[in-house]
1. Does residue 99 satisfy the condition of being over 15 Å from the mean Cα position of the chain (by Cα), modelled with pLDDT of 95 or more, in the same structural domain as residue 180 (by TED's automatic domain parsing) and under 19 Å from residue 240 (Cβ atoms)?
2. Does residue 82 meet the test of being touching a strand residue (DSSP E or B) at 6+ places or on another chain (Cβ under 6 Å) and either surrounded by fewer than 15 Cβ atoms within 10 Å (Cβ to Cβ) or in contact (Cβ under 8 Å) with a residue 12 or more places away in the chain (or both)?
3. Checking the structure you have, find out if any residue of region 185-195 is modelled with pLDDT of 90 or more and either outside the structural domain of residue 286 (by TED's automatic domain parsing) or surrounded by fewer than 19 Cβ atoms within 10 Å (Cβ to Cβ) (or both).
4. Would you check if there is a residue in region 68-78 being part of a helix (DSSP H, G or I) and either closer than 28 Å to residue 122 by Cα or not assigned by TED's automatic domain parsing to the domain that holds residue 250 (or both)?
5. I need a count of the residues in region 255-286 that are within 19 Å of residue 86 (Cβ to Cβ) and either in contact (Cβ under 8 Å) with a residue 24 or more places away in the chain or not in a strand (DSSP E or B) (or both).
6. Being surrounded by 15 or more Cβ atoms within 10 Å (Cβ to Cβ), more than 23 Å from the chain's Cα centre (by Cα) and in the same structural domain as residue 225 (by TED's automatic domain parsing) narrows it down to one of 273, 263, 246, 292, so name that one.
7. Across region 9-31, which residue is farthest from residue 55 (Cα to Cα) among those that are in contact (Cβ under 8 Å) with a residue 12 or more places away in the chain and surrounded by fewer than 16 Cβ atoms within 10 Å (Cβ to Cβ)?
8. Please work out which one of (1) in contact with a strand residue (DSSP E or B) (Cβ under 8 Å, 6 or more places away or on another chain); (2) part of a helix (DSSP H, G or I); (3) modelled with pLDDT of 95 or more; (4) surrounded by fewer than 18 Cβ atoms within 10 Å (Cβ to Cβ) is the condition residue 204 fails and give its number.
């Protein structure tokens, strides 16, 4: 455990009496200063002390502030629902940009977002494809968590006043990925996207010093949205094939999971190409696939 020197604590007190408690969570003076600036900027003054106490008890800053930027959107965040990460924002933005570059804007796109959480993926895809580029998109997001679906709909309602949903739609509903069947929808999908639970139980239980999960995540974010392995990818591939999707992109945490998806899709259907994608931190982040000789061949450049 990283210890904080008395010198650093004294320096913090010189800046603000609200700063030292934040060191407990951040372990870093510069980061603590940054977080205090966010608290003061985002919350009324009578909420500052409460916010600092919550953060000093390792509650994630996104829960304390109530939201997290995600692309051009401000996504509401609450306990029991996974907080959107920059890594997810990065690949969703890249995917949107490539679709706009390679697919005609007269094309109607039907997208399924499995394990939607806050709805951030669905909403950013809609914002960039429908609102910015005028594609007609029908997006369905689902999650097993009632709290997640409620929050996703709240995020939709928050953004809906500035959007036109006459030609496009975004819908969220409660559904268990392991009970999914083609009867859940009468439509097929062009694209399946997902950020499923992908942290193994071993990694979840490991100390942070051994690349385990951070203490704040374990204390406050739902393990339901974090712990998972091959079973989620097996079902995602099954949904991809059964809905006759043309392409998919799944977030993941390891090469083994990517290799598993590649083997699964090729064992169930012919004519698929797959690729692994690493984020700007050079960490494996997604596995993607597409049917060969279709408009989705551009994903080879992802």
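1. yes
2. On the way: touching a strand residue (DSSP E or B) at 6+ places or on another chain (Cβ under 6 Å): no; either surrounded by fewer than 15 Cβ atoms within 10 Å (Cβ to Cβ) or in contact (Cβ under 8 Å) with a residue 12 or more places away in the chain (or both): yes.
Here the answer is no, as residue 82 does not meet what is asked.
3. There is no residue in region 185-195 that is modelled with pLDDT of 90 or more and either outside the structural domain of residue 286 (by TED's automatic domain parsing) or surrounded by fewer than 19 Cβ atoms within 10 Å (Cβ to Cβ) (or both).
4. No.
5. Number satisfying all stated conditions: 9.
6. Of 273, 263, 246, 292, the one residue that is surrounded by 15 or more Cβ atoms within 10 Å (Cβ to Cβ), more than 23 Å from the chain's Cα centre (by Cα) and in the same structural domain as residue 225 (by TED's automatic domain parsing) is 273.
7. 11
8. The number of the failed condition is (3).
The values are calculated or read from the model by the stated rules, or taken from the named source; none is laboratory data. Worth saying up front: this structure is predicted, and the values here are computed from it rather than measured. Using ideal geometry, Cβ is built from the backbone for each residue, glycine included, and neighbour counts are taken over all protein chains shown.
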